[in-house]
Amino acid sequence: MSATRSVPFFDYPRVYTDEREALLSIIDDVGRRGAFIMQRDLEEFEQALCGYTGAQHAVGVANATDGLELAWMSLDLRPGEEVIISSHTMLATASAIVTVGGTPVPVELGEDNLIDPEALAAAVGPRTVGIMPTQLNGRTCDMDPIMDTAHKHGLFVVEDAAQALGSRFKGQHAGTFGHAAAFSFFPAKVLGCLGDGGGVVTDDAQLFDRIYQLHDHGRDTSGETRSWGRNSRLDNLQAAILNYRLESYADVIERRRTIAGRYQELLGDVEQLRLPPAPDANPDHFDVYQNYELEADRRDELKEHLAASGIGTLIQWGGKAVHQWERLGFNVRLPKTERFFERCLMLPINMFISDEDVEYVASTIRSFYLS
């Protein structure tokens, strides 16, 4: 089959070219002011991030992985202590725990493909000190039973909310349930900058102070060195770009939800697929659709069929769950998660694809299964 239309999975040049004039203006303004490191643009973005999420404190950091590490360092995670995670997550979730000295304990996914609260509760043991739920693909976990387990056992909760800025559960923003959370502003994120970037939020003033010191060589907000730290500061230019993009963020989310709804309309009757929840499927959840990850029969053949039709897709994280990277020391079987990774596939969902692109993707999928 020859491609008749091109629908990239993600068109990275358009992150810049679609807003080139506005971005050049921001770059010129920051450059003319010499405002390169920790200037008012960063402070304004941190305040805006608090205002948007409802968190009390925010720290712009170099990337979300650093943010998770700084959170666990600030909570004094120690060697031998365990943190429970979903195995359906980026390896960075686990590596942040390992880097600080702890041990990640991956567990099964549930019906929503996020961490299974029952599996989480069953995994709590004498060395468990924390839980790190991943708010994945723009959806927030069912946080009620997760927080119940945390409160019952006195566990720390750090949310990996890298993919979930703006996502809500029962009206509460992802990232505001636990002790702290990290967001990613990688260019392909719903809110992305022109490089790596991240943010940490917390409601705990003491935890904020500790995270702040760690991210800036041990200096507190007054510039006084209080402890050992490192350099993990969000670049001021990226903060200025994020400030600009946050202003139209609601429109971006609405467009993604519209695309997800259209996929549901066009593919919901294809029995060989299991789609993610539709935008209005559950009033407890407000999803921002960072990704549109479905399950598909004959997944690899479907991927090839779509590629031949000019449609980009993605099997996330090399097609492996965290626990399947055996060279990293994992020795556990999680059958539900492993079955999911045999079937998962991401379709294009971003601001660069048109309604006609969505219809083309859906019709190509339908032709594969139904012709």
Just a yes or no: is a residue in the range 266-286 over 30 Å from GLN39 (Cβ atoms), in a helix (DSSP H, G or I) and over 20 Å from the mean Cα position of the chain (by Cα)? yes
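Can you find, within the range 123-148, the residue that is farthest from THR103 (Cα to Cα) among those that are small (Gly, Ala, Ser) and assigned to a helix (DSSP H, G or I)?
Our first condition is that a residue be small (Gly, Ala, Ser); within the range 123-148, this holds for 123, 125, 130, 138.
Applying the additional criterion that residues be assigned to a helix (DSSP H, G or I) yields 123, 138.
Working: ALA123: 13, GLY138: 26 Å.
Within the range 123-148, the match that is farthest from THR103 (Cα to Cα) is GLY138.
Scanning the range 80-100 for residues that are in a loop (DSSP other than H, G, I, E, B) and free of Cβ contacts under 8 Å to residues at least 60 places away in the same chain, which turns out most open to solvent (accessible area, probe 1.4 Å)? It would help to see each step written out before you state the result.
The first filter runs over the range 80-100 and keeps only residues in a loop (DSSP other than H, G, I, E, B), leaving 80-81, 87-90.
Filter once more, keeping what is free of Cβ contacts under 8 Å to residues at least 60 places away in the same chain: 80-81.
Details: GLY80: 31, GLU81: 50 Å².
In this case the residue turns out to be GLU81.
Kindly provide the set of residues from the range 101-122 that are hydrophobic (A, V, I, L, M, F, W, C) and open to solvent by 30 Å² or more (accessible area, probe 1.4 Å), ordered by number.
VAL105, ALA121, ALA122
Hey, any hits in the range 220-233 for a residue that's closer than 28 Å to ASP280 by Cα, of a type outside the set (Gly, Ala, Ser) and either in contact with a Phe, Trp or Tyr (Cβ under 6 Å, 6 or more places away or on another chain) or not in a loop (DSSP other than H, G, I, E, B) (or both)? So that I can check it myself, show each step before the final result.
Taking the range 220-233 first, the residues closer than 28 Å to ASP280 by Cα are none.
No, there is no match, as no residue in the range 220-233 is closer than 28 Å to ASP280 by Cα, of a type outside the set (Gly, Ala, Ser) and either in contact with a Phe, Trp or Tyr (Cβ under 6 Å, 6 or more places away or on another chain) or not in a loop (DSSP other than H, G, I, E, B) (or both).
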Within the range 35-55, track down each residue that is open to solvent by less than 40 Å² (accessible area, probe 1.4 Å) and of a type in the set (Gly, Ala, Ser). ALA35, ALA48, ALA55
Could you list, ordered by first residue, the pairs with Cβ atoms under 7 Å in which the first is in the range 343-371 and small (Gly, Ala, Ser) and the second is in a helix (DSSP H, G or I), at least 6 apart or interchain? ALA362/TYR263; ALA362/LEU266; ALA362/LEU267
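Here's the yes/no breakdown for (1) touching a Pro at 6+ places or on another chain (Cβ under 8 Å); (2) at pLDDT below 95; (3) among the basic types (Lys, Arg); (4) open to solvent by 20 Å² or more (accessible area, probe 1.4 Å):
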| site | (1), (2), (3), (4) |
| --- | --- |
| ARG256 | no, no, yes, no |
| PRO276 | no, no, no, yes |
| GLU293 | yes, no, no, no |
| HIS305 | no, no, no, yes |
| GLY318 | no, yes, no, yes |
Hey, among GLY175, GLY166, which residue is touching a Phe, Trp or Tyr at 6+ places or on another chain (Cβ under 7 Å), farther than 29 Å from ALA122 by Cβ and crowded, with 22+ Cβ neighbours inside 10 Å? GLY166
Those residues that are free of Cβ contacts under 8 Å to residues at least 60 places away in the same chain and open to solvent by 20 Å² or more (accessible area, probe 1.4 Å), I need them from the range 178-194; list them, please. GLY178
Test PRO145 against the stated conditions and say whether it is open to solvent by less than 30 Å² (accessible area, probe 1.4 Å), in contact with a helix residue (DSSP H, G or I) (Cβ under 6 Å, 6 or more places away or on another chain) and either modelled with pLDDT of 95 or more or acidic (Asp, Glu) (or both). no
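The values are calculated or read from the model by the stated rules, or taken from the named source; none is laboratory data. Given the structure is predicted, the values throughout are model-derived calculations rather than measurements. Using ideal geometry, Cβ is built from the backbone for each residue, glycine included, and neighbour counts are taken over all protein chains shown. The area values use the complete protein model at the heavy-atom level, side chains included, leaving out ligands, DNA and RNA. Shrake-Rupley method; radii C 1.70, N 1.55, O 1.52, S 1.80 Å.
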